[in-house]
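Taking it in order: structure first as structure tokens, then the write-up.
The values are calculated or read from the model by the stated rules, or taken from the named source; none is laboratory data. Since the model is a prediction, treat every value here as computed from it, not as a measurement. Positions of Cβ are generated from backbone atoms using ideal geometry, with glycine treated the same way; all protein chains shown enter the neighbour counts.
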């Protein structure tokens, strides 16, 4: 069990008197020592440890924790977590043996992202001490220093992208004494949630593919381990790698993993062996058996689902099985990518904390899991990595060299905005004002940075500093030519829209924490006026030609994304224009054969813009659409997680690309947030769900449904039931939460009891 860091009462030091030790000449060294423990008595013993890399500790042959990938992934240039475990039960009177295994992890990775040695290139290092507590003065029993013996281990190699190899027949070889590593790190107590084994998945089948390869299908894509329990001949090997999908011929497909080898190999001892990785993880639905013993059955395999120790709090079920599968896909993509940090994808040679992905997805995340502690730890890294002039990188924790300076990872609209969008979402979900207080100065610096980019006041239109050449735009929107990444929405419009949202959000943060400065409300109005003048005609319509799927013209302001941002951010000049733009958005969809054409940015706001402006049926039409691009297109093609591209696999079974084609990216899963807040109609009227509003948008294609949500004050449940051709909306509130029910005609009714039923006015 993890304990809060215990600091020495006399000196306040963290890991004081211990040294950084290493042995960089082998991938996974074993640091070992025997010691005598006299008079164990009723004292308690604590191990404090950290590493640049990953470590595991064993005392008298027993692993002291089931936590994984310690010390976690932080902004290593700014801070490194230290864990504290009580180990009293592992110790005994007399002789004790303690062992540390050390691998490269994130901190000493040979390659991570696209950079070799992004954090430390001179090998992994370890630091720890064992403390006896209960006396007037805590006493250090053991500490890391140059007296530790180093041996080879049964783990021959391990890496995040590499995978792991183990040899149960290997002989332990003495290598020498530990070496002192001259590291200087800012050490902090454990802040984030530990990564743990969370679920078990049993494989569905083992089969031989058309090309002769043996494949195991788990039926669900997951991040974690494959545990293998097997008895074979001594020296036999079993080796496998991962894939998310099969190709159109039914063969194993993994070209989209790029340079992530994700290969796991074990050498059998001749006895009953249990294998699972200790320092690496894989992701996929399938494994391919590259090496296998003579005797093998499906029963030897077990999938272990691994993610940060977040608690699930949102549960949805409807009569529409395809929507249920979509909700499941969103849930699983969250599990797969909430591992230490919110990653973009868990399988290929990336697995990075892209800010845009979580900025668009965070609201949905709060309706599925309690992510407060998980995301606050990540936000603290984001705050620390913000540049002095306000720049916010596209990746956190950042990578070194050019990706730490002013380059392509900086200044992107919708990406850098995570610095205020994530804190605001945490505040709305959990009522956490402290994270807003922390975020406010960073949001203000970010706004000033954006202001410095403009050559025209209140308009992000130019090249004054970094400019807009690197902006990601509406990433992966389909309104550009096939293979085009950035969509056809004018990048200046997107940048200015988020510039306005930044000002508006700072004002909102200020209101929540009792800080008021009219400047930002006034700035919002000025940006809105500049936005209207730059991007809209006098008749209220956007400038440029309307764009549809595969549009090959110049970037334009007349796109689904542009209209959705304008409506959702309140950038229209009056109610007349709001109605005009809402109709124009619906018309654009109709002219696009009833399909959306949005990417990462636009999709987050598209359905909301429709449903909040009189076009709920149009929003539901997009939800239930099964042609590409749509959410159900992937469901119909067997997806068990959210795809990176609408057409990761096209109608003919061909792949979009091998370069960047993840089948496990949660950004488009933001639709679940819309489902909760608009279709189900649940929204917090006050932060932390102290007061709620229910304003459902009914569509018979969804059928009856239920949603249960664990608020900070207790379980809230909502259900739609059909009884004798009438629809009833049943609401159950925990004590202490007030609610208001608003029917589809705008009629309001206070919910004063814990359980109430309300007959819906249905528009068939």
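Quick notes on this one:
- The numbered conditions (1) surrounded by fewer than 14 Cβ atoms within 10 Å (Cβ to Cβ); (2) in the same structural domain as residue 119 (by TED's automatic domain parsing); (3) more than 25 Å from residue 377 (Cα to Cα) are all true for residue 181 except (1).
- Just one of the listed residues (520, 485, 551) is touching a helix residue (DSSP H, G or I) at 6+ places or on another chain (Cβ under 7 Å) and either outside any loop (DSSP other than H, G, I, E, B) or at negative phi (or both), and it is 520.
- Lone qualifier among 443, 500, 429 - being part of a helix (DSSP H, G or I), modelled with pLDDT of 90 or more, under 19 Å from the mean Cα position of the chain (by Cα) and not assigned by TED's automatic domain parsing to the domain that holds residue 690: 429
Here's the yes/no breakdown for (1) part of a loop (DSSP other than H, G, I, E, B); (2) surrounded by fewer than 18 Cβ atoms within 10 Å (Cβ to Cβ):
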{"residue": "242", "(1), (2)": "no, no"}
{"residue": "250", "(1), (2)": "yes, yes"}
{"residue": "279", "(1), (2)": "yes, no"}
{"residue": "288", "(1), (2)": "no, no"}
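- Residue within the range 33-44 that is surrounded by 20 or more Cβ atoms within 10 Å (Cβ to Cβ), modelled with pLDDT of 95 or more and touching a strand residue (DSSP E or B) at 6+ places or on another chain (Cβ under 6 Å) present: no
- Meets criteria (assigned by TED's automatic domain parsing to the domain that holds residue 425, touching a helix residue (DSSP H, G or I) at 6+ places or on another chain (Cβ under 6 Å) and surrounded by 14 or more Cβ atoms within 10 Å (Cβ to Cβ)) for residue 534: no
- Residue 353 vs. criteria touching a strand residue (DSSP E or B) at 6+ places or on another chain (Cβ under 6 Å) and surrounded by 24 or more Cβ atoms within 10 Å (Cβ to Cβ): yes
- The residues of the range 184-210 that are surrounded by fewer than 14 Cβ atoms within 10 Å (Cβ to Cβ) and not in a strand (DSSP E or B), listed by number, are 184, 186, 202, 204, 210.
- Screening residue 307 with (1) buried (at least 24 other Cβ atoms within 10 Å of the Cβ); (2) outside any strand (DSSP E or B); (3) in contact with a helix residue (DSSP H, G or I) (Cβ under 8 Å, 6 or more places away or on another chain) gives one miss only, at (2).
- Yes/no for residue 696 being under 23 Å from residue 610 (Cβ atoms), in the same structural domain as residue 709 (by TED's automatic domain parsing) and not in a helix (DSSP H, G or I): yes
- Residue check, residue 499 buried (at least 23 other Cβ atoms within 10 Å of the Cβ) and over 28 Å from residue 420 (Cα atoms): no
- Qualifying residue in the range 146-157 (condition: over 18 Å from residue 28 (Cβ atoms) and either touching a residue at least 12 places away in the same chain (Cβ under 8 Å) or out of contact with any strand residue (DSSP E or B) (no Cβ under 8 Å at 6 or more places or on another chain) (or both)): yes
- The set of residues in the range 74-105 that are in contact with a strand residue (DSSP E or B) (Cβ under 8 Å, 6 or more places away or on another chain), within 22 Å of residue 387 (Cβ to Cβ) and outside any strand (DSSP E or B) comprises 74, 76, 79.
- Candidate set: the range 252-277, residues that are within 18 Å of residue 648 (Cβ to Cβ) and touching a residue at least 60 places away in the same chain (Cβ under 8 Å); chosen: the one surrounded by the fewest Cβ atoms within 10 Å (Cβ to Cβ): 255
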